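Data block below; observations after.
Laboratory data are not the source of any read-out in this text; all were calculated from the coordinates shown. Note that the structure is predicted; figures quoted are calculated from it, not measured.
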Amino acid sequence: MKEDWKPGTMIYPLPAVIVSCGSTEEEYNLITLSWVGTICTNPPMCYISVRPERHSYDIIKKNMEFVINLTTKDMAFATDWCGVRSGKDFNKFEEMKLTPGKCSVVQAPLVEESPLCIECRVKEIMALGSHHMFIADVVNVRADQEHLNRETGKLELAETNPLVYVHGGYFELGAHIGKFGWSVEKKNKK
């Protein structure tokens with residue numbers, strides 16, 4: 001039997017990502033977010049939602065660029081720490097021993113320890129309430145070569161042990177149970 005709850009954000013799991021921003025080393029900052037997702041495939045677009053009082057908000061708004069860095073189980077401590085500490089008080093790259101890397105298209109740094117870095121340019125900012133949504137074009141993706149399957153041309157992202165967020169907790173993925181379309185796939189007849 002189900003029970004009514006107050007309206008809330010209960011769509012989980014979500015990726016736990018570190019968003020990097022800033023156009024100069026002095027301005028570089030990291031913010032952990034889970035209010036992040038895909039909006040459109042063609043053209044590739046995504047969003048992040050940030051509270052206006054967060055230090056990164058003004059940096060992203062000024063530069064209109066950011067990088068979504070997917071995180072892994074090995075990055076869990078740094079991911080959490082970057083979400084509860086302010087860039088006003090700490091150099092998060094230095095504190096967490098993360099390496100700022102050069103992007104191909106945007107000026108914001110990427111996080112070298114991340115297996116996949118998504119370079120984004122902001123198209124629109126929507127004030128929604130507690131958070132403002134940065135709607136962005138994906139202008140480039142940088143992936144670790146070790147997770148590229150040269151035979152299939154596919155990025156084996158599940159191999160990176162991605163970190164996900166579920167209602168206040170961080171988790172790793174469980175066992176692989178199927179692939180897109182497997183429920184309707186035709187079986188080979190012998």
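Here's how it looks for THR72: its modeled amide H is under 5 Å from those of LEU163, which are all 5 or more places away or on a different chain.
Full extension of the chain between GLN107 and GLU124 yields a length gain of 4.3 nm, computed as 0.36 nm times the residue separation minus the alpha carbon distance.
Projected onto its three principal axes, the C-alpha set of the chain covers 65, 49, 32 Å, listed from the longest axis down. Taking every DSSP helix (H) stretch of at least 4 residues in the chain, weighting each as -39,500 (n - 2.57) and dividing the sum by the residue count yields a mean residue ellipticity at 222 nm of -3000 deg cm²/dmol. Under 5 Å from the amide H of TRP35 lie the amide H atoms of SER49, each residue being 5 or more positions distant or on a separate chain, with H modelled from the backbone and absent for Pro and chain starts. Given a cut-off of 27 Å, name the pairs among LYS2/LYS187; LYS154/LYS187; LYS62/LYS92; LYS2/LYS73; LYS92/LYS154; LYS62/LYS154 whose C-alpha atoms lie farther apart than that in the structure shown. Violating the 27 Å Cα-Cα cut-off are LYS2/LYS187; LYS2/LYS73; LYS92/LYS154; LYS62/LYS154. In order along the stretch 123-129, the Karplus-derived 3J(HN,Hα) couplings, from 6.51 cos²θ - 1.76 cosθ + 1.60 at θ = phi - 60°, round to 9, 7, 10, 10, 6, 10, x Hz, and Gly and Pro are given as x. Backbone phi angles across the stretch 96-113, fed through the Karplus curve with coefficients 6.51, -1.76 and 1.60 (θ = phi - 60°), yield HN-Hα couplings of 9, 6, 9, 9, x, x, 7, 7, 7, 10, 8, 7, 4, x, 9, 9, 4, 6 Hz in residue order; Gly and Pro are listed as x.
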